[in-house]
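Participant: Starting off with a structure, shown below.
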Amino acid sequence: MNAIEVSIQPLEERMMKALFAALSLLVALSTPVLANTTIVFATDATWPPMEMVNDQKQVVGYSIEYMTAAGKEAGFTPVFKNTAWDGIFAGLDNKKYDAIVSSVSITEDRKKAMDFSEPYYTVRQALIVPKASTAKSLADLKGQKVGGQIGTTGYFAIKAAEGVEPKSYDEVGLAMEDLNVGRIAAVVCDDPVAANYALDKYKDTLKIAMVIETGEAEHYGVAVQKGNTKTLELINKGILAVKAKGLDKELMQKWMGQ
């Protein structure tokens, strides 16, 4: 081996090492750091068309697709965990999941216990009655049983109504079944859910008697543990991007026909 060959070989090795280092840095910089962030969402999938289980046993619905779209926009992967409503907030406190996306209305009382995202849906409470009923409001149902899912704003509205007998249910679908067979006089729940049952599943037997006006707008938000700013910022980034691109309107058309 002559002197020229000895001097060239180390030079080639140094160039190859430098090239490899540059390529490694380029790959690292081009890979989104947030793409591997997973957010586990609890959802009570008994609230169609917002959150429900389809025929293939998959959790689907407006809220589910909304958070999936938000994840694509903000760089996180959502995982949905079907969770019973009566324990859903305790599970968040115990860190069994990162967030709740389950048609949770943002209220002042709830804000004391958890943090909320930007609102992603505006909702009102609806009164569902049998088609033969003449009731137009809760005031027309004094002395009668009115059902709602326990712990929801609809059930709170029933309890606040004078003279009616509140009946709580673990799932709103069970309340609708009792209403359909005459065990109770009415059900109060969120208007997209009311429409799903009264205008679709039980369209021949039930109807929406009225939308309860409270004077204040009611919004759904994603709940996270107090102080979990990292998760909240990611979710908010996704929600704002979904709204900015009009993806929420596409989802409303798909799931509510609006």
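The values are calculated or read from the model by the stated rules, or taken from the named source; none is laboratory data. Not measured: the values here are computed from a predicted model. Neighbour counts are summed over all protein chains in view; Cβ atoms, including those assigned to glycine, are modelled from backbone coordinates with ideal geometry.
Participant: Going by what's in this entry, would Gly147 be described as in the same structural domain as Gly238 (by TED's automatic domain parsing) and buried (at least 19 other Cβ atoms within 10 Å of the Cβ)?
Facilitator: no
Participant: Could you check the stretch 140-153 and list, in sequence order, the residues that are assigned to a helix (DSSP H, G or I), modelled with pLDDT of 95 or more and farther than 20 Å from Val181 by Cβ?
Facilitator: Residue satisfying the conditions is Asp140 alone.
Participant: Could you list, in sequence order, the residues of the stretch 136-171 that are within 13 Å of Gln125 (Cα to Cα), under 22 Å from the mean Cα position of the chain (by Cα) and in contact (Cβ under 8 Å) with a residue 24 or more places away in the chain?
Facilitator: Result: Gly148, Gln149, Thr152, Thr153, Gly154, Tyr155, Ala157.
Participant: Which of (1) part of a helix (DSSP H, G or I); (2) at pLDDT 55 or above; (3) of a type outside the set (Val, Ile, Thr); (4) more than 30 Å from Met114 (Cα to Cα) does Leu26 not meet, given it meets every other one?
Facilitator: The single condition Leu26 does not satisfy is (2).
Participant: Turning to a different aspect of this structure: Could you say which residue among Lys72, Lys81, Lys95 is assigned to a loop (DSSP other than H, G, I, E, B), at pLDDT 95 or above and within 30 Å of Lys237 (Cβ to Cβ)?
Facilitator: Every option except Lys95 fails the conditions.
Participant: If you don't mind, there's one more thing I want to ask. Is it true that some residue in the stretch 168-189 is under 20 Å from Leu138 (Cβ atoms), charged (D, E, K, R), surrounded by 18 or more Cβ atoms within 10 Å (Cβ to Cβ) and modelled with pLDDT of 95 or more?
Facilitator: So far as the stretch 168-189 goes, no, none of its residues is under 20 Å from Leu138 (Cβ atoms), charged (D, E, K, R), surrounded by 18 or more Cβ atoms within 10 Å (Cβ to Cβ) and modelled with pLDDT of 95 or more.
Participant: Could you list, in sequence order, all residues of the stretch 184-213 that are over 19 Å from Thr152 (Cβ atoms), part of a loop (DSSP other than H, G, I, E, B) and charged (D, E, K, R)?
Facilitator: Lys203, Asp204
Participant: Quick check, is Ile64 closer than 24 Å to Leu251 by Cβ, free of Cβ contacts under 8 Å to residues at least 40 places away in the same chain and not in a loop (DSSP other than H, G, I, E, B)?
Facilitator: Spelling it out, Ile64 is indeed closer than 24 Å to Leu251 by Cβ, free of Cβ contacts under 8 Å to residues at least 40 places away in the same chain and not in a loop (DSSP other than H, G, I, E, B).
Participant: Checking Asn196 against (1) at pLDDT below 95; (2) farther than 30 Å from Lys72 by Cα; (3) polar (S, T, N, Q): exactly one of these is not met. Which one?
Facilitator: Going through (1) at pLDDT below 95; (2) farther than 30 Å from Lys72 by Cα; (3) polar (S, T, N, Q) one by one, Asn196 breaks only (2).
Participant: Still on this structure, I have one more. Would you be able to tell me the number of residues in the stretch 152-164 that are of a type outside the set (A, V, I, L, M) and surrounded by 15 or more Cβ atoms within 10 Å (Cβ to Cβ)?
Facilitator: 5
Participant: Quickly run through the stretch 214-239 and pick out the residues that are hydroxyl-bearing (Ser, Thr, Tyr) and either within 25 Å of Gln253 (Cα to Cα) or in a helix (DSSP H, G or I) (or both).
Facilitator: Result: Tyr220, Thr229, Thr231.
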